[in-house]
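Only one structure is covered here, and it is reproduced in the block below.
The values are calculated or read from the model by the stated rules, or taken from the named source; none is laboratory data. Only a predicted model underlies this, so the values are computations on that prediction, with no experimental measurement involved. Glycine gets a Cβ as well: all are built from the backbone with ideal geometry, and neighbour counts include every protein chain shown. Accessible surface is based on the protein model in full, side chains and every heavy atom, while ligands, DNA and RNA are left aside. Shrake-Rupley method; radii C 1.70, N 1.55, O 1.52, S 1.80 Å.
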Amino acid sequence: MTLLISVFAAVFVTVKWYNRKNDDMQIGILVFMFWGASLMWLVDAIFEYVELGAEYFEPAPADMLNDAFLGLAVVALALVIWVVRLLITDPKGSVRSALLKVSRKNS
């Protein structure tokens, strides 16, 4: 499930990145994070298949649920990192202008 969730996220973000009009949102960072996570989970799946053999394709429901939560957590963490980076770099100047408005009101 982790591999599946990260691949879906990577494909979705790659399509959004490919169809972008400008790069203000810095989606390329998300593309690299999601494809990196997908590659990591692919290597994990290969090693787990080598270890378990045919049992790999018959996971317990609890294991599938844990893997789904882990996959969603990885996607959420990547999104949080992306948003924090976006707020720090502030490519459109939105945060700066909002902070300047607040400071002018307080003066």
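Just a few scattered comments:
- For the chain, the longest principal axis of the Cα atoms and the long axis of helix 94-106 meet at an angle of about 40 degrees.
- Ellipticity estimate at 222 nm from DSSP helix runs (n ≥ 4, -39,500 (n - 2.57)) divided over the chain, nearest 500: -27500 deg cm²/dmol
- Maximal additional length on extending the L79-A98 stretch stands at 4.6 nm, based on 0.36 nm per residue less the C-alpha distance.
- Among A45, A37, A54, the largest mean-square fluctuation in a Gaussian network model of the chain, built with springs joining Cα atoms closer than 10 Å, belongs to A54.
- Projecting the Cα atoms of G28, F12, G71 onto the dipole axis of segment 2-106, where Lys and Arg carry +1 and Asp and Glu carry -1 at the beta carbon, places G28 farthest toward the positive end.
- Relative contact order (percent, whole number), the chain, Cα cutoff 8 Å, 6+ residue spacing: 39 percent
- Residue-count net charge about P61 - beta-carbon cut-off 15 Å; Lys, Arg +1, Asp, Glu -1: -4
- Carbon plus sulfur fraction of accessible area for segment 2-106, probe 1.4 Å, in percent: 70 percent
- Computed about the Cα centre, the dipole magnitude for segment 1-82 is approximately 600 debye when only Lys and Arg (+1) and Asp and Glu (-1) carry charge, each at its Cβ.
- Of the Cα atoms belonging to the chain, the radius of gyration and Dmax stand at 19.1, 69 Å.
- Average accessible area per residue (Å²) across segment 2-106 - probe 1.4 Å, nucleic acids and ligands excluded: 75 Å²
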